[in-house]
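No lab work stands behind these numbers, since they all come straight from the coordinates. On a predicted model such as this, the values are computed, not experimentally measured, just so you know. All Cβ positions, even for glycine, are placed from backbone atoms using ideal geometry, and neighbour counts span all protein chains on display.
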Amino acid sequence: MNKPVRKLFSVVQEEPKADPNQKEMVNRKAEAQRVVKRLEKIIKEHYQASLSLSIDLSDENLKIVTNALRDHARGGTGNITLKENDEIRAHCLNRLFEELVEEPSNILYTTSTGADTMRYDAMDLTFWIECLDLLDQSIAAQ
């Protein structure tokens, strides 16, 4: 008896669907601003560290990282691709990517599941992409 094999992963790149079991945020805009502020702090730390290597991370470099993060959130590889062959800059951008890609699972939201119980959920990927869009706007405005 041969059972059909169900694929575990889809290679299709599309926007992630919101989790229907996750409760809606009370103030989505304020929450997104909080997340962006956290991301900006991480970027600033990496920017300062890269200066010690004589690397000045440009807005264009940061856009490469946010595009890779979006690609990763949609199920892609999230590769960092530079136009020039600069190994030190690529290392700095990859380190920033590696830290930022963990953020959706580091930022937890609570949902009451009973009188004395609480469930902790990682950030929904659709909201993560919204935060990346806001981050891009913030970087462009600076």
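Results, tabulated for the structure shown:
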{"item": "Cβ-based exposure ranking for Val65, Val101, Val36, in which fewest neighbours within 10 Å come first", "result": "Val101, Val36, Val65"}
{"item": "For the range 28-141, alpha-carbon Rg over 2.2 N^0.38 Å", "result": "1.18"}
{"item": "In the range 28-141, lysine pairs closer than 21 Å at Cα, eight or more apart or cross-chain", "result": "6"}
{"item": "15 Å beta-carbon shell around Asp86, net charge (K/R +1, D/E -1)", "result": "-1"}
{"item": "In the range 76-106, trypsin sites (Lys or Arg not before Pro) in a DSSP loop with at most 11 other beta-carbon atoms within 10 Å", "result": "Lys83"}
{"item": "Cβ-based exposure ranking for Ile64, Ile139, Ile42, in which fewest neighbours within 10 Å come first", "result": "Ile42, Ile139, Ile64"}
{"item": "Two-site FRET efficiency, Glu84 against Ala140, from Cβ-Cβ distance with R₀ of 22 Å, rounded to 0.05", "result": "0.50"}
